[in-house]
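Novice: There's a structure below that I have some questions on.
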Amino acid sequence: MRFVVNAVLSLLLAHWVADFVLQTHWMATNKSKNWEALGAHVSIYTLTMGIMMAAALAFIPMPGIAGISIATFLGWLAFNGAAHFVTDAFTSRWTAKLWAKNDYHNFFVVIGLDQLIHFVTLIS
């Protein structure tokens, strides 16, 4: 059971760093209207997730998943990068419209939905 907690906490920490800490102001404000900004965000996200999760697998005791193959890991990483791109392509445009209408409650509801989709994708 402890390895499941370690895995989930590792995923959440890596996701927070990749999706929030390393997302620049330019990426955040332009990804809803500029494919280059979205692509830059998702590229940094995917690279960061790969590095942080590889480190977690190497250093944190997770016996249930520590023995996964490189191909499986890279497949998971590619799937999550692609899913992150698709999710943000929709949710960033949706939240931009809500923000422009000063509909802050629903803006944050969609941000929450965005994060829920990301979390479900990460554990898939």
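The values are calculated or read from the model by the stated rules, or taken from the named source; none is laboratory data. Remember, it's a predicted structure, so these values are computed and weren't measured experimentally. Positions of Cβ are generated from backbone atoms using ideal geometry, with glycine treated the same way; all protein chains shown enter the neighbour counts. For accessibility, only protein heavy atoms count, side chains too; no ligands or nucleic acids. Shrake-Rupley method; radii C 1.70, N 1.55, O 1.52, S 1.80 Å.
Novice: Based on what the data block shows, is residue 42 under 24 Å from residue 112 (Cβ atoms), part of a helix (DSSP H, G or I) and in contact with a His (Cβ under 7 Å, 6 or more places away or on another chain)? Before you say what the answer is, go through the steps one by one.
Specialist: Values: under 24 Å from residue 112 (Cβ atoms): yes; part of a helix (DSSP H, G or I): yes; in contact with a His (Cβ under 7 Å, 6 or more places away or on another chain): yes.
Against the criterion (under 24 Å from residue 112 (Cβ atoms), part of a helix (DSSP H, G or I) and in contact with a His (Cβ under 7 Å, 6 or more places away or on another chain)), residue 42 qualifies.
Novice: Restricting to region 79-111, count the residues that are closer than 24 Å to residue 49 by Cα and either basic (Lys, Arg) or in contact with a Gly (Cβ under 6 Å, 6 or more places away or on another chain) (or both).
Specialist: Going through region 79-111 one residue at a time, the tally reaches 1.
Novice: Can you find even one residue in region 99-114 that is in contact with a Lys or Arg (Cβ under 6 Å, 6 or more places away or on another chain) and either modelled with pLDDT of 95 or more or part of a helix (DSSP H, G or I) (or both)? Steps first, please.
Specialist: Step one: of region 99-114, the residues in contact with a Lys or Arg (Cβ under 6 Å, 6 or more places away or on another chain) are none.
So far as region 99-114 goes, no, none of its residues is in contact with a Lys or Arg (Cβ under 6 Å, 6 or more places away or on another chain) and either modelled with pLDDT of 95 or more or part of a helix (DSSP H, G or I) (or both).
Novice: Using beta carbons and a limit of 6 Å, which pairs, at least six apart or on different chains, have the first residue in region 34-60 and within 15 Å of residue 75 (Cα to Cα) and the second one part of a helix (DSSP H, G or I)?
Specialist: Within 6 Å, the pairs are 46/81; 49/14; 49/18; 50/77; 53/14.
Novice: Report the residue count in region 25-62 for those that are of a type in the set (S, T, N, Q) and touching a Leu at 6+ places or on another chain (Cβ under 9 Å). Quick ask: steps written out before the conclusion?
Specialist: Of region 25-62, the ones of a type in the set (S, T, N, Q) are 29-30, 32, 34, 43, 46, 48.
Then keep just the ones that are touching a Leu at 6+ places or on another chain (Cβ under 9 Å); that gives 30, 32, 46, 48.
Within region 25-62, residues that are of a type in the set (S, T, N, Q) and touching a Leu at 6+ places or on another chain (Cβ under 9 Å) number 4.
Novice: Hey, among 77, 113, which residue is without any contact (Cβ under 8 Å) to a residue 24 or more places away in the chain, over 15 Å from residue 20 (Cβ atoms) and surrounded by 14 or more Cβ atoms within 10 Å (Cβ to Cβ)?
Specialist: Details: 77 fails: without any contact (Cβ under 8 Å) to a residue 24 or more places away in the chain.
Step by step, each of 77, 113 is checked, and only 113 is without any contact (Cβ under 8 Å) to a residue 24 or more places away in the chain, over 15 Å from residue 20 (Cβ atoms) and surrounded by 14 or more Cβ atoms within 10 Å (Cβ to Cβ).
Novice: Within region 12-45, track down each residue that is hydroxyl-bearing (Ser, Thr, Tyr) and open to solvent by 30 Å² or more (accessible area, probe 1.4 Å). Break it down stepwise before answering.
Specialist: First pass over region 12-45, keeping only residues hydroxyl-bearing (Ser, Thr, Tyr): 24, 29, 32, 43, 45.
Within region 12-45, 24, 29, 43 meet the criteria.
Novice: Hey, could you check region 46-67 for residues that are open to solvent by 70 Å² or more (accessible area, probe 1.4 Å) and outside any helix (DSSP H, G or I) and say which is modelled with the lowest pLDDT?
Specialist: By that ranking, first place goes to 63.
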